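Only one structure is covered here, and it is reproduced in the block below.
The values are calculated or read from the model by the stated rules, or taken from the named source; none is laboratory data. Predicted model only: the values in this text are computed from it and were never measured. So basically every Cβ, Gly included, is an ideal-geometry build from the backbone, and we count neighbours across all protein chains shown.
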Amino acid sequence: MKFSCHVQTRISDYRIAKDLEDWGYDACWFPDTQMMWSDCYATMALAAQCTSKIKLGTGVAITGTRIAPTTAAAIASINVLAPGRTFLGIGTGHTAMRVMGHDPMPVKEFREYLRVVRTMLKGENVDYTYRDKTTEIAWQHHSAGIRNTFDHIPIYVAANGPLALRAAGAYGDGLISIFNEQPEVMKGNLDLVSAGAEKVGRKLDETYHTASLCHAVVLRPGETLSTPRVIEAAGSWVVTALHFVYEVWRYTKDDSVIPGYMRNVWDQYLERVKNIPLPEEKHHQMLHEGHCSYYPAVERPLLTPEMIEGTCITGGASEVAEKIRAAGRAGLKEVSLLPPMMHLREIAREFAREVIPRI
């Protein structure tokens with residue numbers, strides 16, 4: 001099992017990658033959400049300069065905000081600075097697009113985007129369509145040190161739905177998804193990934209990577225899910241999950257998408273959305289307030305024990321370790337934590353000290 005952290009992309013704190021390296025983490029993922037954080041590639045470039053072992057990548061790059069050749073060039077540039085330890089996490093952009101009031105990229109376009117990027121990162125020419133015009137594009141070779149497509153850059157596709165999971169099998173070197181400790185869910189996801197690979201003539205082997213974005217809250221002696229420290233440690237991830245589910249529900253009006261552990265707070269959250277102090281057409285400006293960094297004070301009453309248990313890996317250090325081991329037996333190869341910004345170092349250091357040695 002590998003261990004990593006997704007960090008809030010704050011260019012002034014790029015040295016967080018060095019701290020994670022020193023604590024024994026295998027990778028550091030930098031999210032690409034332009035309305036919330038610093039530019040991920042600029043931050044990774046700095047992180048590459050102060051680290052030597054830890055893998056660095058996007059967590060995840062957003063297809064709707066950059067054309068495919070730009071993404072390929074950006075990650076190949078980072079690969080000059082961190083050769084052989086650079087990876088590209090990539091997704092359709094649920095939050096990055098929703099926060100601007102727009103939809104994520106449709107999966108059909110996403111597949112084409114992945115095809116172009118994957119081909120370019122192999123150093124090959126590729127047919128590329130832009131504004132309904134298709135041309136063959138080729139890297140221009142002006143000098144050494146501009147890009148690195150010689151050291152392999154793995155592509156980890158963010159996917160949870162069936163079509164995206166198939167795309168991950170068709171064009172990815174791995175899958176990054178939201179943590180679910182139920183082995184049958186992991187197996188179902190990997191079956192869809194394999195089906196997508198087979199459809200394009202690929203056969204996946206044991207090198208295909210699987211990572212899960214999640215959060216773990218390790219309870220100290222005497223603590224419960226109602227302990228203030230626990231609520232603070234879990235809060236940003238809990239409300240992020242709530243915001244995500246609401247966006248899906250808002251577009252589908254399908255109550256079945258609401259997990260059981262959210263139902264006791266759902267009406268309360270709908271009332272919170274109704275009272276956003278902006279016209280409805282501007283709600284997107286506040287719906288994801290604090291996304292993965294902190295929780296808005298007005299949403300503090302929603303951080304119930306049921307919500308924490310439903311969204312996070314919880315328990316004492318041994319219990320958390322066993323839940324992760326069970327996921328590993330089901331096919332998971334990497335656990336990637338996303339702690340709140342204010343407590344990131346404390347939580348990551350404690351997890352490295354108390355949980356990782358038990359796995």
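Remarks
- PRO183 meets the conditions (1) touching a residue at least 24 places away in the same chain (Cβ under 8 Å); (2) closer than 25 Å to MET105 by Cβ in every case but one. The failed one is (2).
- Test: MET186 is over 25 Å from MET36 (Cβ atoms), crowded, with 22+ Cβ neighbours inside 10 Å and at pLDDT below 95: yes
- Residue list for the stretch 331-348, filter: closer than 16 Å to ALA233 by Cβ, among the charged types (D, E, K, R) and within 20 Å of the chain's Cα centre (by Cα): ARG345
- Unique residue being free of Cβ contacts under 8 Å to residues at least 40 places away in the same chain, over 24 Å from TYR41 (Cα atoms) and assigned to a loop (DSSP other than H, G, I, E, B) when the list is ASN189, ASN160: ASN160
- Candidates GLU271, GLU289: the one that is assigned to a loop (DSSP other than H, G, I, E, B) and among the acidic types (Asp, Glu) is GLU289.
- Taken residue by residue, the stretch 140-156 has no member that is over 22 Å from PRO104 (Cβ atoms) and part of a strand (DSSP E or B).
- The residues in the stretch 163-186 that are outside any loop (DSSP other than H, G, I, E, B) and under 16 Å from the mean Cα position of the chain (by Cα) can be counted, and the count is 8.
- Residues in the stretch 222-234 that are free of Cβ contacts under 8 Å to residues at least 24 places away in the same chain and assigned to a loop (DSSP other than H, G, I, E, B): GLY222, GLU223, THR227.
- Any hit, the stretch 315-330, residues being hydroxyl-bearing (Ser, Thr, Tyr) and within 22 Å of the chain's Cα centre (by Cα): no
- Checking each residue in the stretch 246-287 for being touching a residue at least 40 places away in the same chain (Cβ under 8 Å) and either in contact with a Phe, Trp or Tyr (Cβ under 9 Å, 6 or more places away or on another chain) or on the phi > 0 side of the Ramachandran plot (or both) picks out TYR246, MET262, LEU287.
- Within the stretch 192-214, restricting attention to residues that are without any contact (Cβ under 8 Å) to a residue 40 or more places away in the chain and not in a loop (DSSP other than H, G, I, E, B), the residue that is surrounded by the most Cβ atoms within 10 Å (Cβ to Cβ) is VAL193.
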